[in-house]
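Engineer: This is the structure I want to talk about, given as structure tokens.
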Amino acid sequence: MSEPLRVLITGAAGQIGYALAFRIANGELSPGKKVILHLLEITPALGSLEGVVMELTDCAFPTLQGVVATDKVEVAFKDIDVAFLVGSMPRKEGMDRADLLKANGNIFKVQGEALSNYAKPTVKVLVVGNPANTNALIALTTSSKLSAANFTAMTRLDHNRSLAEIASQLKVTADKVKNVIIWGNHSNTQVPDVSNAVVELDGKTVKVTEKIDEAYLKGDFVSKISLRGGAIIKARGLSSAGSAANAAIDHVKTWIHGTKPGEFVSMAIPVPANQPYGIKTGVVFSFPVTVTNGVIKVVEGLPVSEWLQGKLKATEDELQGERSTAFGALGLA
Ligand code: NAI
């Protein structure tokens, strides 16, 4: 029998953690494979975490082989195959990203060290907690035994939002749309780009740009997608949880099982040495990617318009700025 998949969720008693744990326990990442859930929380949230464990038990999932619930990183990170790093301080109305960088940097410094010391060398790390790109960079920087290939940050929610918005404009279901791209940072400077996206309409594959007005795609569409997180906070009083957990599962499933032929998705990854699209190394940047046998590869050579070029530069500059602020505050080189 194959070894169970050991999956860590940090911030497991939080709202995204709560939405994630049940789906992972039910075997969604690798259908049929047993799962041991590792749930990390801060000490004051252990009571609430115990309630989550009780509920997981009561689901009687056939795939759930065990649960490790703890406030100790050395226990939580031991031998894990996959890490969903969710736990952090969520953005509240009025809070800016500099406040977030300060509050969250230390968490990801400690967790980068824990990944290096205790996780399997093949661990797949997805950072969800914001500011996700820079938190992933901090974790990579402090995990001396792991490499860039172990680390990603989540822009799949923005990607899925883009698919859904295009689908709604063209009155089809979201599965008919593919190859949208989220470039850059998971922030308001992200670049939702549909210049390579296609849609299946009446059995034919057509370019989205042939069906939807360019002014909308470069204007309202971009602001709707990049401001969607804020709109949900305003409406719910809390950040997106169900859709964020769903996107996190989509991201890791793609990483484990690969992309379909002719399809790419968006993932934020440490910029590779060949600096695709002129983006400089040293930040975690969202690119269009394909995945084969667990290896993530940037889709290169897509045309870049002047409009896109300017936007890529702005989101890259923001990431470089986040890096300087966070590394300065944490004393990292
Ligand atoms: P939440 O506040 O409901 O839950 C966060 C949990 O993390 C809490 O239970 C807290 O006790 C725990 N926590 C805090 N520090 C921790 C530590 N050092 N170790 C372990 N656990 C710790 O927040 P929610 O709504 O679940 O959001 C989590 C994060 O995900 C936030 O940073 C939010 O901004 C981010 N997010 C990212 C998205 C993306 O697309 N990348 C989308 C939506 C949210």
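Derivation of every value follows stated rules applied to the coordinates shown; laboratory data play no part. Keep in mind the model is a prediction, meaning the values are calculated, not measured. Glycine gets a Cβ as well: all are built from the backbone with ideal geometry, and neighbour counts include every protein chain shown.
Engineer: Counting other Cβ atoms within 10 Å, keep those with at most 13, restrict to DSSP loop, and tell me which trypsin sites (Lys or Arg not before Pro) in the stretch 61-127 are left.
Structural biologist: Passing sites in the stretch 61-127 are Lys72, Lys92.
Engineer: Of Ala231, Thr325, Ala83, whose Cα points farthest to the positive end of the dipole of the chain (charges on the beta-carbon: +1 Lys, Arg; -1 Asp, Glu; origin at the Cα centre)?
Structural biologist: Farthest towards the positive end: Ala83.
Engineer: Another question, if that's okay. Would you mind calculating the gained length between Lys280 and Leu330 on full extension (0.36 nm times residue separation, minus the Cα-Cα distance), in nm to one decimal?
Structural biologist: 15.8 nm
Engineer: To one decimal place, what orientation-averaged projected area in nm² is obtained for the convex hull of the Cα set of the stretch 97-170?
Structural biologist: In nm², the orientation-averaged hull projection of the stretch 97-170 is 5.8.
Engineer: Go through 147-159, 199-211, 306-318 and give me the packing order, highest mean Cβ count within 10 Å leading.
Structural biologist: On the way: 147-159: 24.2, 199-211: 12.9, 306-318: 16.0.
Order by mean packing, descending: 147-159, 306-318, 199-211.
Engineer: Hey, another quick one. I need the calculated FRET efficiency for the pair Asp58 and Asn106, taking r as the beta carbon distance and R₀ as 45 Å, to the nearest 0.05.
Structural biologist: 0.80
Engineer: Provide the percentage of antiparallel DSSP beta bridges, counting only those with both residues in the chain; round to the nearest 5.
Structural biologist: 50 percent
Engineer: Quick one: dipole size for the stretch 71-164, taken about the Cα centre, charges +1 on Lys/Arg Cβ and -1 on Asp/Glu Cβ, in debye to the nearest 20.
Structural biologist: That gives the stretch 71-164 a dipole magnitude of about 120 debye.
Engineer: Charges on Cβ only, +1 for Lys and Arg, -1 for Asp and Glu, centred on the Cα centroid of the chain; of Leu8, Ala167, Ile296, which one is farthest towards the dipole's positive end?
Structural biologist: Ile296
Engineer: By how many nm would the segment from Asn26 to Lys204 grow when fully extended, if each residue of separation counts as 0.36 nm and the alpha-carbon distance is taken off?
Structural biologist: Residue separation times 0.36 nm, minus the Cα-Cα distance, leaves 60.5 nm.
Engineer: So, one more: As a test of the formula, what do you get for the chain when each DSSP H run with n ≥ 4 contributes -39,500 (n - 2.57) and the sum is divided by the residue count, at 222 nm and rounded to the nearest 500 deg cm²/dmol?
Structural biologist: Calculated from helices alone, the mean residue ellipticity at 222 nm is -13000 deg cm²/dmol.
Engineer: A follow-up question, please. Note down the magnitude of the dipole of the stretch 170-319 about its Cα centre, charges +1 on Lys and Arg C-beta and -1 on Asp and Glu C-beta and zero elsewhere, to the nearest 20 debye.
Structural biologist: Roughly 340 debye for the stretch 170-319.
Engineer: Which value, in debye to the nearest 20, describes the size of the charge dipole of the chain about its Cα centre when Lys and Arg Cβ atoms bear +1, Asp and Glu Cβ atoms bear -1, and nothing else is charged?
Structural biologist: Here the chain has a charge dipole of around 200 debye.
Engineer: Identify, among Asn246, Tyr277, Ile107, the residue whose Cα sits farthest towards the positive end of the charge dipole of the chain, taking +1 on the Cβ of Lys and Arg and -1 on the Cβ of Asp and Glu, with the dipole about the Cα centre.
Structural biologist: Most positive-ward Cα: Tyr277.
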